[in-house]
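The values are calculated or read from the model by the stated rules, or taken from the named source; none is laboratory data. Note that this is a predicted model, so its numbers are computed, not measured. Note that we place each Cβ from the backbone using ideal geometry, even for glycine, and neighbour counts take in every protein chain shown. Remember, those area values only see protein heavy atoms, side chains included, never the ligands or the DNA or RNA. Shrake-Rupley method; radii C 1.70, N 1.55, O 1.52, S 1.80 Å.
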Amino acid sequence: DFSLEGDDSTMLWELGVEETEKGIRSRAEREEFLPNLTSLESEPLSLSSFSRDVESNDDGNDDDDGSDNSAERSTNQKQSTATTTCTTETKSNEQPTKKRFIYYTKAIPRYLRKYPNGNFLRALALGIEIRTLSHSEYNRLFGGLHGGSVMAPADLEVPVPGKSLWMPQGGACSLAQPGSDNLAREIIDYWATNGKNMPLAICVPGGTCTTALLLHRSINQIMAERVKHAELESPLDVRVVVIPCVGDDEYALRQMRSLDKSMGGLGRLEDVPDVLRPRSDVEYGSARRRSGGYFTFGEPAKAILQCFDEMNEAGLFLDLLYGAPAWSLLLQHWRSRDLDCPIAGRQVMYVHSGGLEGIASQMTRYKHKGLLDTRTIQSA
């Protein structure tokens, strides 16, 4: 989500480094690199073109006109990952087709448009066509109680009618099933060989919770087939546990039950993964108390940073949007024996959701909040 990339990205240029698909570039390389960014099937990308609609300047970044754009600032209370449309197009001279990737997102902060870095810079380098929308327009097209529909909005312009592939927010549709099937087979094969018949909790950080639901469905289906064909004596004692990183447990359950129904399921509670909830006996700050112990998505928090550092020292490198918040909650339950704890008495397998390319820009948000200093970010 480009609206969550670093709050003070200029700091990276001052350090003389930035992250691209080829690694770290110097300031001189950046100045040579940026003008050559082009999108497939279109004119060269103009960074100023991303200012369409309302310009978001979160957390006190300077506005050229001094106006207050707070009404359009991201509240980070719900996931704002953009919706994408992939298309193929054939030119009239029948040249080989080129694929276009059109990405709908909320307004991109001015500092990020002026100083692209992290995932945003990588997206530009790959030729992704960015379509920015105001928060109200984005929510009208892609929002809703269940985080949007698996169907494209009726009034959304289709780039190439009949030849466009729609991918909703978070990949929440059946198109993601083949990948989940592959992951499920890998996990079942590994645990059947190495699990020593121990019960297993597969912990997955959740936004739309698509990965968790589809993995849950895939594992149950594959184990049933293998038992039927005598490839397994009995189903493994394996359960999928989702750790909400966007919203709370109720939001996660709504998302999963809605997606399950859209894929032909019944959407019952017993048809979706277990949800790991914050412990009630832990002391939280005022903001987390109001959200039932959950973090506000995308909002820097000291507890997230502490978990990030702790897990990094232990050899597990996490991102700051999903990985660190998920582990902060997971560690609360690490030695739990409570009957209602879905990981109690089980071995834990964590499904890493990636996102490491965005760490540099995420860390600048913590610097802007006063939780990190420049020296720490530079050494990282």
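3J(HN,Hα) along the stretch 112-129, derived from phi through the Karplus expression 6.51 cos²θ - 1.76 cosθ + 1.60 where θ = phi - 60°, amounts to 6, 5, 6, 10, x, 7, x, 5, 5, 4, 5, 4, 4, 5, 7, x, 5, 8 Hz, with x in place of Gly and Pro. Charge tally around SER174: other residues with Cβ under 13 Å, Lys/Arg +1 each, Asp/Glu -1 each, net 0. Excluding ligands, DNA and RNA, the accessible surface per residue across the stretch 240-380 is 49 Å² with a 1.4 Å probe. Put +1 on the Cβ of each Lys and Arg and -1 on the Cβ of each Asp and Glu in the stretch 115-182; which of ALA125, PRO168, LEU141 then has its Cα farthest toward the positive end of the dipole? Farthest along the dipole direction, towards plus: ALA125.
Computed about its Cα centre, the charge dipole of the stretch 291-363 is approximately 260 debye, with only Lys, Arg, Asp and Glu carrying charge at their Cβ. For the pair GLN221 and HIS352, the difference between a 0.36 nm per residue extended length and the Cα-Cα distance amounts to 44.9 nm. A 1.4 Å probe, protein heavy atoms only, puts the accessible area of ASP181 near 40 Å². Using a 1.4 angstrom probe and counting only protein chains, how large is the accessible area of CYS341 in Å², to 10? Using a 1.4 Å probe on the heavy atoms, I get roughly 10 Å². The peptide list 227-235, 296-304, put in order of mean Cβ contacts within 10 Å with the highest first, becomes 296-304, 227-235. The apolar share of the surface of the stretch 258-380, taken as the fraction of accessible area on carbon and sulfur atoms (1.4 Å probe, ligands and nucleic acids excluded), comes to 47 percent. The stretch between GLU137 and SER336 holds 67.2 nm of extra length on full extension. This uses 0.36 nm per residue minus the Cα-Cα distance. The stretch between LEU156 and GLN177, if pulled fully straight at 0.36 nm per residue, gains 5.1 nm over its current Cα-Cα span.
Surface composition of the stretch 165-220: carbon and sulfur atoms hold 53% of the protein heavy-atom accessible area at a 1.4 Å probe.
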